[in-house]
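Read the figures in this text as sums done on the coordinates, not as results from a lab. Keep in mind it's a predicted model, so treat the numbers as computed, not measured. Here the Cβ positions follow ideal geometry from the backbone for every residue, glycine too, while neighbour counts run over all protein chains shown.
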Amino acid sequence: MRILITGATGLVGSEIVRLCHEQNIDVNYLTTSKNKIVSKTNYQGYYWNPDTGEIDQNSFKGVSAIINLAGASISKRWTTSYKKIVLSSRINALRTLKNALEQIDTSGIRSFISASAIGIYPNSLATFYTEDEKNVDDSFLGEVVAIWEKEADVFEKFDFAVAKIRIGLVISAAGGALPEMAKPIKYYAGAAFGNGMHWQSWIHISDLARQFLYLIEHRLEGTYNGVGPNPVNNAKLVKEIAKVIDRPLFLPNIPRFVMKAILGEMSYLLFASQRVSSKKIEEEGFVFHYPNICRALENIYSKETTKSKFNSVAKKEYI
């Protein structure tokens, strides 16, 4: 089996690639940097430029599934110019893939899965969101995700299963939000945001990668939430991070106006509340390895401790 992945070198993409190789699944990947093209039997890179619509059609050879993760990070200041990049990077990636697929024989392709985000759900402390929710958050992120998903829906014209995964807060030590949240806690400056009651729907990166491959394996279609079964509020999340890295929390909560002064409009990400259900994918038979935040964090940081000890020993051996 061979899967084509866009965004394969990013946080989520790297974990999917690792899992693919663990399961003897070969990977083709698309990159905008010719310097990142690697040629191996199980890991072959190809050049593309979504901004101009350029793509190497050899990237589709032998491919039975496609995973689209392409899109500029939302974790940068939302200036007017960067907002355009966030949106265009997602739209152009999907349109480039679609145009390429229209020119080749797609009979060997069984599944197409595009990343999305739970940011599409309206900010709410009370609502428990399922994939059937029709309302869209009135923020910039809500607007982006709605347009992103509409572009992904165009792929339903092809004769293969099309699915979207609305990704929540990814729990990983390799990148994303967790290291940034843990950093001030590590240096005794951690605190919850606002009143700390806003919901954060999270997922361990391993479970998220497994979910992508599960949808491919079972040719599932439609929209699925990429979140774990047990969302927590911000205060609980900060408390659990402090507990697992053995640091006290004694500072008052951080007011919204402070973060807005520092981050601008992007500070919305720190205070938005989306309590999101994982029931749909569970009903399809998917089993989470990390259903609880404490277990997920313990796994992440136990790996980090082991890695740190290994690096320390290796360093001594070479001194």
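A compact table of results
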| quantity | calculated |
| --- | --- |
| Residue under evaluation Met259, criteria (1) under 18 Å from Ala189 (Cα atoms); (2) surrounded by fewer than 16 Cβ atoms within 10 Å (Cβ to Cβ), criterion not met | (2) |
| Where Val136 falls short, out of the listed (1) surrounded by 13 or more Cβ atoms within 10 Å (Cβ to Cβ); (2) touching a strand residue (DSSP E or B) at 6+ places or on another chain (Cβ under 9 Å); (3) in a loop (DSSP other than H, G, I, E, B) | (2) |
| Residue check, Ser73 surrounded by fewer than 20 Cβ atoms within 10 Å (Cβ to Cβ), assigned to a helix (DSSP H, G or I) and out of contact with any strand residue (DSSP E or B) (no Cβ under 6 Å at 6 or more places or on another chain) | no |
| Qualifying residue in the stretch 98-121 (condition: of a type in the set (A, V, I, L, M, F, W, C) and without any contact (Cβ under 8 Å) to a residue 40 or more places away in the chain) | no |
| Residue satisfying all of: in the stretch 226-246; touching a Gly at 6+ places or on another chain (Cβ under 7 Å) and in contact (Cβ under 8 Å) with a residue 60 or more places away in the chain; farthest from Lys164 (Cα to Cα) among these | Val227 |
| Failed item in (1) closer than 19 Å to Glu133 by Cβ; (2) in contact (Cβ under 8 Å) with a residue 12 or more places away in the chain, with Asn253 passing the rest | (1) |
| Which listed residue is crowded, with 17+ Cβ neighbours inside 10 Å, on the phi > 0 side of the Ramachandran plot and touching a residue at least 12 places away in the same chain (Cβ under 8 Å), from Gly176, Gly142 | Gly176 |
| Residue within the stretch 83-99 that is in a loop (DSSP other than H, G, I, E, B) and surrounded by fewer than 18 Cβ atoms within 10 Å (Cβ to Cβ) present | no |
| Residues satisfying the stated conditions in the stretch 244-280, i.e. under 18 Å from the mean Cα position of the chain (by Cα), among the hydrophobic types (A, V, I, L, M, F, W, C) and not in a helix (DSSP H, G or I) | Ala272, Val276 |
